[in-house]
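The values are calculated or read from the model by the stated rules, or taken from the named source; none is laboratory data. Quick caveat: nothing in here was measured; it's all calculated off a predicted structure. Using ideal geometry, Cβ is built from the backbone for each residue, glycine included, and neighbour counts are taken over all protein chains shown.
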Amino acid sequence: MTGAEESVTYGQALIGDIDVMLIEFDFRFLGGSVGTATGGRLVHALSTARAHAIPVVSLLATGGSRMQEGMFALLQLQRVARECHLNQESGIPHVTVLRNPTTGGVWASLGASADVILATGGAQVAFGGRRVRSAEDADHPAFTATGQFAAGQVDEVVTPESLPDALSTWLELLTGGAPEPADVPKALGNADLPANGWEAVSRARDPRRPRAAAYLDAYFDTYRLISGDRAGGVDPGVLCGIGWRGGRSIAFAAQAGTATRAAGYRTVSRLITMADRLGIPVLTLIDTPGAANNPTEEAAGLAAAISSVFTAIAATQIPVTTLVIGEGGSGGALAMAGAGRTWITPDAYFSVIAPELAAAILKRDQNEATDLADQLHLRPQDLLNLGIVDGIA
């Protein structure tokens, strides 16, 4: 006996300095399942958060819908999903914590729609619970918190000890936006401009050049990363998250110098869309030789993923500030650029195509790539003179 009246309790609480609507599932009460009364509680909690314009924190531990109540219980998922959608449209942040176990329709309707998803290490996280999976898949690592993190469905795996700090930090970051554009970061590499196009390309490709992680560390007082595209993919070459700088939140999407995968673009799109809803300005750092060019990424929907970033930036109402810090390789780089707010560092370039690829298309010897680099007008000063960038950092 738990002494509780239902599997869910809720109420307003302080986490750090942020007033939130706290929703907690108790797995000891009928497996944390959702029946009609539970659905009513969830709807009331979510709508109250919207009425008071406060974030939602949900602590999940559930087996899903209450089978004793049949379809009446299952229909509660529609009610919960609708409230989550209305909260998103109203700019209400939602952080969920997946505890052991989190399965069934509650994970699909309440948990998976959250802005930031945390999961406790060792937790079972899956749509189908262990007893309804095949024997050979019962204990597959895909159905765990770490498996979901690896697949891009979870942003952080936390311990019980680290959870309070993670929650309070994320709540500050999600509620700390201001309408002013992000400041342009200072250049961390060379201060002098390249003499010719090939020097610009060579400097951008220099492995000793400061990369995205160095810029994020120098720019932010603190920051946290989101992980994955919520569609089964993670691109380690793209760093997305929200940081704290000068007393306010700034979201960021940063390429780390590798060819960007479809999952990376989808994660960027997810980040920008979330930041737009929450009124958080965005900083993008461009550094990629281009979009990943291989059969795996084509099959993963590379063009559609790139399109989603173009669309997210075009549709956003918040300012997007861009700094090209290394290679700016064609459309795979341009997708991340904020129109009318793009700067470049002295050791970077931006081009419609890489010089070597231009030589291949023109059926020229690869030795001619150095001359083509000049003809492409890809140096920072060329781009500034052409009006492509707003300035050189």
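Suppose we keep only residues that are touching a Phe, Trp or Tyr at 6+ places or on another chain (Cβ under 8 Å) and within 19 Å of THR267 (Cβ to Cβ) within segment 198-228. Which one would you say is surrounded by the most Cβ atoms within 10 Å (Cβ to Cβ)? Going through the qualifying residues, I end up with GLY228. When you look at GLU172, is it among the acidic types (Asp, Glu) and either part of a helix (DSSP H, G or I) or farther than 27 Å from LEU271 by Cα (or both), yes or no? When the stated conditions are applied, GLU172 passes them.
Results for (1) closer than 17 Å to VAL125 by Cβ; (2) at pLDDT 90 or above; (3) not basic (Lys, Arg), shown as yes or no for each residue.
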residue	(1), (2), (3)
ILE23	no, yes, yes
ARG28	no, no, no
GLY31	yes, no, yes
ALA37	no, yes, yes
LEU60	yes, yes, yes
GLY63	yes, no, yes
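Does VAL238 qualify as being of a type in the set (Val, Ile, Thr), modelled with pLDDT of 95 or more and under 30 Å from ALA142 (Cα atoms)? In short, yes. Whenever a residue of segment 348-365 is of a type in the set (Lys, Arg), its partners that are at pLDDT 85 or above, lying with C-beta atoms within less than 8 angstrom and at least six residues away or across chains, give the pairs ARG364/LEU372.
Residue-by-condition table, conditions (1) buried (at least 21 other Cβ atoms within 10 Å of the Cβ); (2) more than 22 Å from ARG230 (Cβ to Cβ); (3) of a type in the set (A, V, I, L, M); (4) at pLDDT below 95:
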position: PRO141; (1), (2), (3), (4): no, no, no, yes
position: VAL154; (1), (2), (3), (4): yes, no, yes, no
position: LEU163; (1), (2), (3), (4): no, no, yes, no
position: LEU167; (1), (2), (3), (4): yes, no, yes, no
position: LEU171; (1), (2), (3), (4): yes, no, yes, no
position: LEU174; (1), (2), (3), (4): yes, no, yes, no
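Screening GLY152, GLY63, GLY104 for residues that are in contact (Cβ under 8 Å) with a residue 40 or more places away in the chain, touching a strand residue (DSSP E or B) at 6+ places or on another chain (Cβ under 9 Å) and on the phi > 0 side of the Ramachandran plot leaves exactly one candidate, GLY104. Of note, PRO236 satisfies the criterion of being without any contact (Cβ under 8 Å) to a residue 24 or more places away in the chain, more than 25 Å from VAL389 (Cα to Cα), out of contact with any Cys (no Cβ under 6 Å at 6 or more places or on another chain) and outside the structural domain of VAL158 (by TED's automatic domain parsing).
Screening the candidates ALA360, ALA339, ALA393, ALA369 for the property of being aliphatic (A, V, I, L, M) and under 17 Å from ARG205 (Cβ atoms) yields one hit, ALA369.
Just to be sure before I move on: is ALA112 among the aliphatic types (A, V, I, L, M), in contact (Cβ under 8 Å) with a residue 40 or more places away in the chain, surrounded by 13 or more Cβ atoms within 10 Å (Cβ to Cβ) and touching a strand residue (DSSP E or B) at 6+ places or on another chain (Cβ under 9 Å) in the structure I sent? Yes, satisfied.
For segment 176-195, the set of residues classified as at pLDDT 95 or above, more than 18 Å from ILE242 (Cα to Cα) and touching a Lys or Arg at 6+ places or on another chain (Cβ under 8 Å) consists of LEU193, PRO194, listed by residue number. Filtering segment 1-21 to residues that are among the hydrophobic types (A, V, I, L, M, F, W, C) and either farther than 14 Å from GLY63 by Cβ or at pLDDT 95 or above (or both) leaves MET1, ALA4, ALA13, LEU14, ILE15, ILE18, VAL20, MET21.
For ALA119, the test of being under 20 Å from the mean Cα position of the chain (by Cα) and either at pLDDT 90 or above or not basic (Lys, Arg) (or both) is passed.
Filtering segment 270-288 to residues that are in a strand (DSSP E or B) and under 30 Å from ILE92 (Cα atoms) leaves VAL282, LEU283, THR284, LEU285, ILE286. Run ALA195 past the list (1) surrounded by fewer than 19 Cβ atoms within 10 Å (Cβ to Cβ); (2) under 30 Å from PRO355 (Cα atoms); (3) of a type in the set (Gly, Ala, Ser); (4) touching a residue at least 60 places away in the same chain (Cβ under 8 Å) and report the number of the one that doesn't hold. Condition not satisfied by ALA195: (4). Checking each residue in segment 184-199 for being of a type in the set (Asp, Glu) and in a loop (DSSP other than H, G, I, E, B) picks out only ASP192.
Okay, residues lined up against (1) under 20 Å from the mean Cα position of the chain (by Cα); (2) farther than 24 Å from GLY152 by Cβ; (3) polar (S, T, N, Q):
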site	(1), (2), (3)
ILE250	yes, no, no
GLN255	yes, no, yes
ARG266	yes, no, no
ASN293	no, no, yes
ASP347	no, yes, no
